[in-house]
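Inspection log for the structure reproduced underneath, given as structure tokens.
The values are calculated or read from the model by the stated rules, or taken from the named source; none is laboratory data. Not measured: the values here are computed from a predicted model. Here the Cβ is made from the backbone with ideal geometry for all residues, glycine too, and neighbour counts use every protein chain on show. Accessible surface is based on the protein model in full, side chains and every heavy atom, while ligands, DNA and RNA are left aside. Shrake-Rupley method; radii C 1.70, N 1.55, O 1.52, S 1.80 Å.
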Amino acid sequence: MKKISRRSIVAAILSVAMVIGIAMFVYNYVNDGAAWASFPSNQHIYTNGVIASQRILDRNGVVLYKTSKGKPAYNENKTIRKATLHAVGDTSGNISTSAMHVFTDQLIQYDLLNGVYYHHDNGSDIYLTLDANVCAAALNALDGRSGTVGVYNYKTGQILCMVSAPTFDPKTPPNLSEDNNGAYINRFLSSAYTPGSIFKLVTSAAAIDNMPDLFSRTFTCKGSEKIGNSTVTCLKAHGTFNFKTALADSCNVTYANLATELGRGVLEEYAEKAGFNKGVTVSGISTATGNFGLSGASKSDIAWSGVGQYTDLANPCTYMTYVGAIANGGIPVYPQFLSKVTSENSAASSSYKKNVGSRILSKSTADTLADLMHNNVIQSYGKRNFPGLDLCAKTGTAEVGGGKKPNAWFTGFIRSEEYPLAFIVIVENGGSGIEVAAPVANTVLQAAVKALKASD
Ligand SMILES: [Zn+2]
């Protein structure tokens, strides 16, 4: 009996070890299989270090990049090459959030059950949601200045324009070891900036939900006011007005007072809802997280945080998603730039699926914000500056310190069933949001609407 039980113990140990071994293999296979298959020494896929045969195209089938027998080639138009660089990628693989880098699994058509489908002569086509001409228009509008421009369809999530500057021509990449002013970084996805007054949309949402008398109140601005141990200033004395005008005039004094009245917890709750501290996921890519936090903040810190200064940091893509959710009645549709993968082998093809988040604002709060943002354009920004567009928007002029000019922001959306586009523009050290970022937004939106009309 003793012998038998010892044997069964040994058998039990062996079978447990086998189960653990299989589990470890399956775990590694699921997690790393794509990496094993796409390892650059896999001669089934790579020639001369690049994927032997593939194409990356824009939404209209314009070829942005292709390889044929291991020879890479970009679009022949230099502006398009530079404008789509961060989305497409560089052949050295230094732009880590690019299609070339991230969609490698799709490029070689790897999948867990069937392995690699890829054939040398018959690579796959990766269609991006971007419009190359709209991206080129955005790069031209930035006119040599650093910053980023994003435009997306807030109903489907498809990104039409994603441009980051400075950029470079991928045919002649700069030396990585030199200071390129962050040319290898996609600022739209991977940066975080002080938001300044565009943050007043978050403070407004909190005020609408938590101050029942908000729209019957009057506010007075004398141009500056001491709050806590700091003086909050406006460019001028705004006088006495209602809440609608407080946002249209972007009155710092009013918003600083609203912030201290709302308090730490409420502001943090609404910043979290807007995606601060977590960012969004774009076609599998995590954006920079941004920052909003008031632990240990003094009264004046809270005041400054409510006008988008203090330690507030916004990721452009995440904030555009928030503005898109306002346009969409309170529900975010997450931006994506991978449209579809097509190939001879239909089993490896994929199609676009929209990625809808859960509600972050009530329908009525979102619609109220949209009306306020529309009023901003009518009352302050000038409808004539955005011809033909039913625009809702907010400016930002974010102080960055160090004697530098402020960062210029402009964000918002078009109220339209046909052209439901939300956007964000930042021009680094550009100056005033309305003077510098708004004209860039108008140029790009006009190009985007024209492109969508043409493809109807
Ligand atoms: Zn004011």
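If you take the square roots of the eigenvalues of the alpha-carbon gyration tensor of segment 213-339 and sort them as a ≥ b ≥ c, do you get rounded (a/c under 1.5), prolate (a/b over b/c) or oblate? Prolate shape, in that a/c is at least 1.5 and a/b is the bigger ratio. Calculated from the alpha-carbon coordinates, segment 330-456 shows an Rg and a Dmax of 17.8, 58 Å respectively. In this structure the chain gives 44 Å² per residue of accessible area when probed at 1.4 Å with all protein chains present. The value obtained for segment 135-200, namely the Cα convex hull volume divided by the number of residues, is 123 Å³ per residue. With the simple spin-label model, which puts each label point 7 Å out from Cα in the Cβ direction, the LYS69 to THR172 separation comes to 2.8 nm. With the cut-off at 31 Å, report for the chain the share of all Cα pairs above it, as a whole percent. The share of Cα pairs beyond 31 Å in the chain comes to 46 percent. Looking at LEU64, ALA138, GLY402, which one has the Cα that reaches farthest to the positive end of the dipole of the chain (charges on Cβ: Lys, Arg +1; Asp, Glu -1)? Value: LEU64. Across the chain, C-alpha contacts under 8 Å between residues 6 or more apart give a mean separation that, scaled by the residue count, equals a relative contact order of 15 percent.
Count the net charge of all other residues whose Cβ sits under 15 Å from the Cβ of GLY265, scoring Lys and Arg as +1 and Asp and Glu as -1. Spell out each step's value before the answer.
Details: positive: ARG264, LYS273, LYS299; negative: ASP209, GLU261, GLU268, GLU269, GLU272, ASP301.
That works out to -3.
Based on Cα atoms of segment 273-328, Rg over Rh with Rh as the Kirkwood radius reads 1.04. In nanometres, what is the gap between the two model label sites at VAL19 and SER216, each 7 Å from Cα along Cα-to-Cβ? Reported label-point gap for VAL19 and SER216 is 6.8 nm.
On the chain, 52 percent of the accessible area sits on carbon and sulfur atoms, based on a 1.4 Å probe.
In deg cm²/dmol, rounded to 500, what helix-only [θ] at 222 nm does the chain give when every DSSP H run of at least 4 residues adds -39500 (n - 2.57) and the total is split over its residues? Result for the chain: -11000 deg cm²/dmol, rounded to the nearest 500. Can you return the lysines within cross-link range of LYS363? Criterion is Cα-Cα under 28 Å, with same-chain partners fewer than 8 residues away left out. Once the sequence-local lysines are set aside, what remains near LYS363 is LYS155, LYS200, LYS244, LYS273, LYS278, LYS353, LYS354, LYS383, LYS394.
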